[in-house]
Each structure stands twice: as structure tokens, then as C-alpha cells.
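Everything below concerns the one structure shown next.
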Amino acid sequence: MSELLPVAEAQARLLAAVPAVSTETLSLIDAIGRWAAAPLIARRTQPESDLSAMDGYAVTFGDLPGPIQVIGESAAGRPFSGTLNAGEATRIFTGAAVPDGADTVMVQEEAKRNGDTLWLDGEGPARVGANIRRRGLDFEGGETLVQVGEQLTPARLAVAATGGLGSVSVRRKVRVAIAATGDELTEPGSALSPGRLPESNRLLLRALLSDLPVDILDLGILPDQLEPLTRAFRDVRADVLVTTGGASVGDHDLVRPALIAAGASIDFWRIALRPGKPLMAGWRDNMAVLGLPGNPVSAFVTAVLFVKPLIAKLAGATDPFPRTTTAILGEPLPPNGARTDYLRAELRDGLAYVAAIQDSSMLRTLARAGCLVVREPHAAAASAGDSAEILVIA
């Protein structure tokens, strides 16, 4: 484990061994943001009959331009019950069923009506079937509306409801334990003695995970002492344990030996990543363990690249990794070194401007950043105006 593991390889190794958690059945409204554990199959056809796409008159195309006799009305939820014969029409409204015998809708703006007698007064419909939404235009009963592993977005929930479903099988919430380590840390807002500083990583992680289906167990701030750390790690019961701090190689970096003493096995440690090199990953029984660096920007980047995808995979996602896009650089960048760099950058007027100082302790720079510019190992120098891969974070 002395060699630095490439980011993509570390991500693949972490997620390769991750089983999805067990399932539960929820109402559609309670399933927002979850991942489907079973395909969502339409129980009905949409629309179930031919519907008018416009307000106007249901007619037979061959009867135009008229005169045509209006014999009734069809409105959404109140269809005309009869059948149109030659030379007959019904008033019809958007979303209403097209009566039997009609094959076209003439829009009301092109209709002239005197009593119950109707004529075309305009260019008229261009073809048979104009302004009609055909039965099954959206989907047929029995079709798959949402695949296993797709996230239940508002649109996917809406199509499930339209398809006649009221509930869905999803993965249960993932139980995530979070702990910060460090004798120098105090709770935010408390009085500070010399050498102490407010702990922010637990808050950072909880905020980052707020869009995921998780139950958080906050273990608080743990001391830089082997026995208390070991006891806390041995006693925790969760699907994922995330620690911050103490993951490097200093005399007070005790997370790794404490995890091993608690029965965990370490799969990999130290990533070819900046910021975030001292990332640790392993398992204790069926609980995944991720030891993040203590520097807050490093904790943020490793959480985005490893913690969130891990939880999404446990929750049933088939595509758990964050998606990158591209932006144009507003300033030149020097050649990159041997690690993948995630550079904090502001997006202004469509251009990405990388912060001049990228120290991993600087949270204000992260707070101002709209994206992370991704620089592959040994990337050549880039010029202003070049395209760059970015990960949007705000």
C-alpha cells in the first residue's frame, strides 16, 4: 500500500465489493430521491384513448369545409357518448376523448359557427388526425417506465403515477456513522482555548449527504487516543463508517491502527489525488469504512469522489459517480504533477478561474468555488481559452 493508487482504480475497488442494502416498499411521495429496486411497469396505457390536443371541434376530415352539424360536446372527464355520422361534429376541449366517428380536430380559431351549424373559417387542419394525441402516445400498459437502479426523480415519479402505480420498491436508507478525530477540535460555536479550532467536517459531510437516502449516526469528536478510538470503531453498527482526520502517518494519526484493532481490514490507503491523498478504505464485517483526511477541502473532495458514490451504490444506484462537464479556462494553468488534481475554481461569465492558492485547509476558497477543475496526472500546461473538465459543486 506504499504506492499511490489512481483515483479511478480506487473508486472501482471500493464499489466492486459493495452490495445494495435491503429493500422496502414506499408510496411514491415517500420515494423521492431513492433508487428503484424493481422495474416500474405501467399498469395502464397513456392516453387510454385518442384525445384532443386543442380546443375546437371533433370532425371528419372529409366533411371540411362544411357545413357541419354540431350534435354535442366532449370535455376532459366527460366524453361524448355517441358516434358521429357524416356531416356531424362535437365541440371538444383539450384533453377530451375524441368521439367515435371523428378523425380530426379543427381548432376553434378557424371555426365559424352559427347556432349548431359549423364551417371552416381558415386554412384548417392539414391532414387527417391533426390535433389528436393518439392512444398510447406516451406509453402502453406493460411497458417499463423506470429501470432498476434509476433514481426516482420528480419526472420519473410522475410517470409512475400516470402509469397507475401508487408505491414502489426501493432500497432502504443507508445507515452512515460519522466521526471527527482530533484533540484540537471543539464543537462549532463553543469557546476556544489556545490551540483549539471549531470542528466543521461532520457538518460538511452531513450537508453533502443531505440529498441521499441516509440515516446519520453522529459519533461526535473522538480523541487522538488509541483505546477510545478502537472502542468507538468496534461498537458502531452501520452500513458505512466515515472518519475525518488521523488518516495520515504522524504520531497522532491513529485512525488506521484503531480500525485494525477494532477488526477492520484496510483494502487501500493513499490515493494519487490532490487534495485527499491520505484516503483510507476498508471493511469491518459488512460495514464499509472510509477514513478521510482532516483538512476540510480534502474531506470535501474525497467525500464527493468516494463517500457519495459508495452510499449511492449501497442505495441501489447503477450510475453512482458524479458527472463532469466542460468549461473554458479564463486563465492559463501550469503542467500537472503525478496526482489527479481537483482545483477550486470560480465560474464567471462562462469561464473557469482557478483559485491562486489551493491549500487544502482553505474553506473560504471552497465556499467561493462553483466547480472543481479536473487535471489528470502529468497534464500539459493549459492556456486561457482551452477547454477543461470540471465537476460542478455549486
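The values are calculated or read from the model by the stated rules, or taken from the named source; none is laboratory data. This structure is a prediction, so every number in the text was calculated from the model and none was measured. Quick reminder, even Gly has a Cβ in these numbers, built from the backbone with ideal geometry, and neighbours come from all protein chains shown. These accessible areas exclude ligands, DNA and RNA; they are computed on the full protein's heavy atoms, side chains included. Shrake-Rupley method; radii C 1.70, N 1.55, O 1.52, S 1.80 Å.
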- Message: Suppose we filter Thr181, Thr186 for residues that are of a type in the set (S, T, N, Q), without any contact (Cβ under 8 Å) to a residue 60 or more places away in the chain and open to solvent by less than 40 Å² (accessible area, probe 1.4 Å); which single one remains?
- Response: Thr186
- Please enumerate the residues belonging to region 321-348 that are within 22 Å of the chain's Cα centre (by Cα) and assigned to a loop (DSSP other than H, G, I, E, B). Phe321, Pro322, Arg323, Thr324
- Query: Got at least one residue in region 111-125 being part of a loop (DSSP other than H, G, I, E, B), more than 29 Å from Asp30 (Cβ to Cβ), modelled with pLDDT of 95 or more and not charged (D, E, K, R)?
  - Reply: no
- Checked pairs for region 315-341, first farther than 20 Å from Val354 by Cα, second among the charged types (D, E, K, R) and crowded, with 20+ Cβ neighbours inside 10 Å, C-beta under 6 Å and 6 or more apart or across chains, list as Ala315/Arg171; Gly316/Arg171; Pro320/Lys313
- Message: Checking the conditions here, which among Ala89, Ala160 is outside any strand (DSSP E or B), buried (at least 19 other Cβ atoms within 10 Å of the Cβ) and either at pLDDT 95 or above or not acidic (Asp, Glu) (or both)?
- Response: Ala160
- Does Asp116 qualify as being in contact with a strand residue (DSSP E or B) (Cβ under 7 Å, 6 or more places away or on another chain), surrounded by fewer than 18 Cβ atoms within 10 Å (Cβ to Cβ) and within 30 Å of Leu145 (Cα to Cα)? no
- Looking at region 232-312, what strands (runs of 3 or more DSSP E) fall wholly within it and have at least 2 residues that are free of Cβ contacts under 8 Å to residues at least 60 places away in the same chain? 280-284, 287-292
- Item | In region 30-59, the residues that are acidic (Asp, Glu) and outside any loop (DSSP other than H, G, I, E, B) | Asp30
- Query: Is it fair to say Gly141 is part of a loop (DSSP other than H, G, I, E, B), at positive phi and not acidic (Asp, Glu)?
  - Reply: no
